[in-house]
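One structure below.
The values are calculated or read from the model by the stated rules, or taken from the named source; none is laboratory data. Remember, it's a predicted structure, so these values are computed and weren't measured experimentally. Cβ sites come from the backbone with ideal geometry, for glycine too, and all protein chains shown count toward neighbours.
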Amino acid sequence: MKSIVITGASRGIGYGLAEEFLKRGHQVTICGRSLESINQAVATLGAKYESKRIQGQVCDVADYAQVQKLWDAAVDSFGSVAIWINNAGISNDRQSFWELSVESINRIIQTNLLGMMYGSKVAMQGMLRQGYGQIYNMEGLGSTGSVTPGLILYGTTKSALTYYTKGLIKEAKDTKVQVNFLSPGMVATEMLTATLKGIDDAERSKRIFNILADRVETVAPYLVKQMLANHQHGKRIAWLTPRKAAWRFLSARLNLSKRELIYS
């Protein structure tokens, strides 16, 4: 039985990962900024799995002291942390960068970038003390260098996350802590749906999403299985590989795809 911490797990892919770990008999600590959302997530999960294996913590990952408290809470309850997943992330509706408010800019950078760095620092220090552990940083739009107009701020944070993780992998190579990438691909969550708002090519985007996007319940089991089986340092666990994406476009063009439509 392993102890896992997942940031930003009151909904979306983070919640899906938490449920999958619990389904496989592990202990999970989740966090979110809202007490209401965390209580709801813990109650829902606790109704299906042993409540003693799940706990929730209010944590704004942009606040270093709160991230440290998240680690401490997991260790106090479960004795250690075997896997720490930096999943928390937010985006904006599609709009040009100069139209974004300063508050939005700061919040996205603080959550997606500083929050991931704070989580990595806290987890790294704690795992060095206990002598083992794995850190996974969640990649996303922008991690491959692609640019999507209207989402360049979010993409910038994910591009920076990938660069930072490559660096952390090198710095941690002589330690007993394994640092890795987690790449879920395009997952049908509220964040993805929000990118369709207010854009002229919404129908075209829906067609692409229906080819490439997958539901949380499809992606989460694969990612969790791979994480639990992984003993490597610097590994990228990816669901939507370039080969898989290319095949989906080809099969859709040839009318071979039988995939369920996600967006109508």
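Sort through GLY79, GLY46, GLY89 and tell me the only one that's small (Gly, Ala, Ser), in contact with a Ser or Thr (Cβ under 9 Å, 6 or more places away or on another chain) and farther than 22 Å from GLY115 by Cβ.
Working: GLY46 fails: in contact with a Ser or Thr (Cβ under 9 Å, 6 or more places away or on another chain); GLY89 fails: farther than 22 Å from GLY115 by Cβ.
Selected residue: GLY79, the only one of GLY79, GLY46, GLY89 that is small (Gly, Ala, Ser), in contact with a Ser or Thr (Cβ under 9 Å, 6 or more places away or on another chain) and farther than 22 Å from GLY115 by Cβ.
Summed over segment 94-126, the residues that are under 14 Å from the mean Cα position of the chain (by Cα) and basic (Lys, Arg) give a count of 0. Just so you know, in segment 1-33 the residues that are closer than 22 Å to ASN112 by Cβ, in a loop (DSSP other than H, G, I, E, B) and not polar (S, T, N, Q) include one that is farthest from the chain's Cα centre (by Cα), and it is ARG33. Restricting to segment 120-136, and then to whatever is small (Gly, Ala, Ser) and not in a helix (DSSP H, G or I), can you tell me which residue is surrounded by the most Cβ atoms within 10 Å (Cβ to Cβ)? Here the answer is GLY133.
Would you check which residues across segment 10-57 are charged (D, E, K, R) and buried (at least 21 other Cβ atoms within 10 Å of the Cβ) and list them? Reasoning before the result, please.
Narrowing segment 10-57 to residues charged (D, E, K, R): 11, 19-20, 23-24, 33, 36, 48, 50, 52-53.
Across segment 10-57, the qualifying residues are GLU19, GLU20.
Take segment 137-158 and flag every residue that is surrounded by 21 or more Cβ atoms within 10 Å (Cβ to Cβ) and either among the hydroxyl-bearing types (Ser, Thr, Tyr) or part of a helix (DSSP H, G or I) (or both). Passing the criteria: SER143, TYR154, GLY155, THR157, LYS158.
Only one of the numbered conditions (1) hydrophobic (A, V, I, L, M, F, W, C); (2) in contact with a helix residue (DSSP H, G or I) (Cβ under 6 Å, 6 or more places away or on another chain); (3) under 17 Å from GLN55 (Cβ atoms) is not met by ILE85, and that is (2). Cβ-Cβ contacts under 8 Å between residues 6 or more apart (or on different chains), taken from a first residue in segment 139-154 that is among the aromatic types (Phe, Trp, Tyr) to a second residue that is not in a loop (DSSP other than H, G, I, E, B), are listed as TYR154/ILE108; TYR154/ASN112.
A search for C-beta distances below 6 Å between a residue of segment 168-186 that is in contact (Cβ under 8 Å) with a residue 12 or more places away in the chain and closer than 23 Å to LEU240 by Cβ and any residue that is part of a helix (DSSP H, G or I) and of a type in the set (A, V, I, L, M, F, W, C), counting only pairs 6+ apart in sequence or on different chains, returns VAL179/LEU168; VAL179/ILE169; PRO184/ILE13; PRO184/VAL219; MET186/LEU212. Scanning segment 58-93 for residues that are aliphatic (A, V, I, L, M) and more than 18 Å from the chain's Cα centre (by Cα), which turns out surrounded by the most Cβ atoms within 10 Å (Cβ to Cβ)? Here the answer is ALA74. Which one of GLY79, GLY115 is out of contact with any helix residue (DSSP H, G or I) (no Cβ under 7 Å at 6 or more places or on another chain) and at positive phi? Unique residue meeting the criteria: GLY79. For segment 34-57, the condition holds for no residue, the condition being that it is aliphatic (A, V, I, L, M), under 18 Å from the mean Cα position of the chain (by Cα) and not in a helix (DSSP H, G or I). Would you please name the residue that is farthest from HIS26 (Cα to Cα), looking only at residues in segment 88-111 that are outside any loop (DSSP other than H, G, I, E, B) and touching a helix residue (DSSP H, G or I) at 6+ places or on another chain (Cβ under 7 Å)? Looking at residues that are outside any loop (DSSP other than H, G, I, E, B) and touching a helix residue (DSSP H, G or I) at 6+ places or on another chain (Cβ under 7 Å), I get PHE97. For segment 189-220, filtering for residues that are touching an Asp or Glu at 6+ places or on another chain (Cβ under 7 Å) and modelled with pLDDT of 75 or more leaves 1.
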